1. Being surrounded by fewer than 21 Cβ atoms within 10 Å (Cβ to Cβ) and touching a residue at least 60 places away in the same chain (Cβ under 8 Å) is the filter here, so list the residues in the range 33-46 that pass it.
2. Restricting attention to the range 16-32, report how many residues are of a type outside the set (A, V, I, L, M) and buried (at least 19 other Cβ atoms within 10 Å of the Cβ).
3. Give V28, V13 a once-over and let me know the one that is part of a helix (DSSP H, G or I), touching a Pro at 6+ places or on another chain (Cβ under 6 Å), of a type in the set (A, V, I, L, M, F, W, C) and closer than 24 Å to G122 by Cα.
4. Out of S36, S72, S6, I need the residue that is of a type outside the set (A, V, I, L, M, F, W, C) and more than 13 Å from L154 (Cα to Cα). Which one?
5. For the range 110-203, give me every one of the helices (runs of 4 or more DSSP H) that falls completely inside it and has 2 or more residues that are at pLDDT below 80 and open to solvent by less than 80 Å² (accessible area, probe 1.4 Å).
6. Any residue in the range 126-140 that's closer than 17 Å to A111 by Cα: show its pairings with residues that are at pLDDT below 90 and part of a loop (DSSP other than H, G, I, E, B) at Cβ separation under 7 Å, as long as the two are six or more apart or on different chains.
7. Of all residues being crowded, with 19+ Cβ neighbours inside 10 Å and either within 21 Å of the chain's Cα centre (by Cα) or among the basic types (K, R) (or both) in the range 47-57, which is farthest from P133 (Cα to Cα)? Just the residue, please.
8. Any residue in the range 151-180 that's closer than 16 Å to A101 by Cβ: show its pairings with residues that are in a loop (DSSP other than H, G, I, E, B) and acidic (D, E) at Cβ separation under 7 Å, as long as the two are six or more apart or on different chains.
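The values are calculated or read from the model by the stated rules, or taken from the named source; none is laboratory data. Every value quoted in this text rests on a predicted model; they were computed, and no experiment measured them. Every residue, glycine as well, gets a Cβ built from its backbone with ideal geometry; the counts of neighbours run over all protein chains shown. All accessible areas refer to the heavy atoms of the entire protein, side chains included, with ligands and DNA or RNA removed. Shrake-Rupley method; radii C 1.70, N 1.55, O 1.52, S 1.80 Å.
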Amino acid sequence: PDAPASLAWFGTVAAAVSRRPVWAGVGVAVGLWSKSTVVLALPGVCWVLGARGSVQMLATALALYAPHLAWSVEHGGLPWSFQSGRAMRGGAPLGWLAGQAAALGPALAWAVWRAWRRPLDGVGRRLVWLSAPTALAWLAVACVTRAEVNWGALAWPAALMLVVLRDPRVPRLVGWGAAWTAVAGLGWAAVARYGPLGWGPPRDGARLARCLARHTPSGPWVAGRYQ
């Protein structure tokens with residue numbers, strides 16, 4: 001769900017920066033259909049759109065997300081049971097920050113930090129509000145419980161847009177980012193291939209099995225997760 005949620009959030013950011021609340025609501029709804037972590041990114045969007053625009057955005061998002069919400073309530077909250085049923089350990093904010101720097105890559109992480117600190121015009125300030133509060137919200141979550149690296153993904157689309165607009169070294173940063181992505185991809189493949197099978201959180205297969213048993217028509221079912 002992370003990739004479609006991030007793609008939807010790029011659209012949300014573009015709509016919010018251009019002050020189009022209805023289209024921002026469409027982006028929020030698509031993001032929510034992908035992953036509920038979109039909720040923590042909403043305060044920055046509301047600040048950018050103002051009170052009236054926020055109402056329009058939230059109403060649009062709620063209308064488009066209502067079918068998924070109704071289905072989820074009817075089926076015992078199945079889309080959220082994987083996360084809610086996990087045993088969360090104590091927080092590790094420094095580890096979460098290190099994970100964000102590793103996900104972005106050192107060069108892009110430094111470029112984002114520099115862009116946040118520079119004097120900005122109207123568009124730049126909106127992009128800061130669409131990125132920094134989300135990162136701070138997840139940092140706060142990481143202080144009290146274990147937050148995974150990918151949970152902070154929605155902080156970075158607006159931040160990267162800000163870097164593209166403000167940093168003169170964009171071509172070089174793109175090269176560094178591509179190289180880092182290749183190294184990280186190969187590294188994760190090696191972990192998946194050689195890491196112990198017991199690594200990772202427990203899966204919520206029991207509730208999924210009960211749901212399928214209640215609602216399965218004739219014919220085969222195949223269920224899986226994106227890992």
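1. If the condition is that a residue be surrounded by fewer than 21 Cβ atoms within 10 Å (Cβ to Cβ) and touching a residue at least 60 places away in the same chain (Cβ under 8 Å), then L40, P43 are the ones that fit.
2. 4
3. Being part of a helix (DSSP H, G or I), touching a Pro at 6+ places or on another chain (Cβ under 6 Å), of a type in the set (A, V, I, L, M, F, W, C) and closer than 24 Å to G122 by Cα holds for just one of V28, V13, which is V13.
4. Of the residues listed, the single one that is of a type outside the set (A, V, I, L, M, F, W, C) and more than 13 Å from L154 (Cα to Cα) is S72.
5. Helices (runs of 4 or more DSSP H) meeting the threshold: 170-194.
6. V128/L120
7. Looking at residues that are crowded, with 19+ Cβ neighbours inside 10 Å and either within 21 Å of the chain's Cα centre (by Cα) or among the basic types (K, R) (or both), I get M57.
8. Every condition considered, the pairs that remain are L173/D167.
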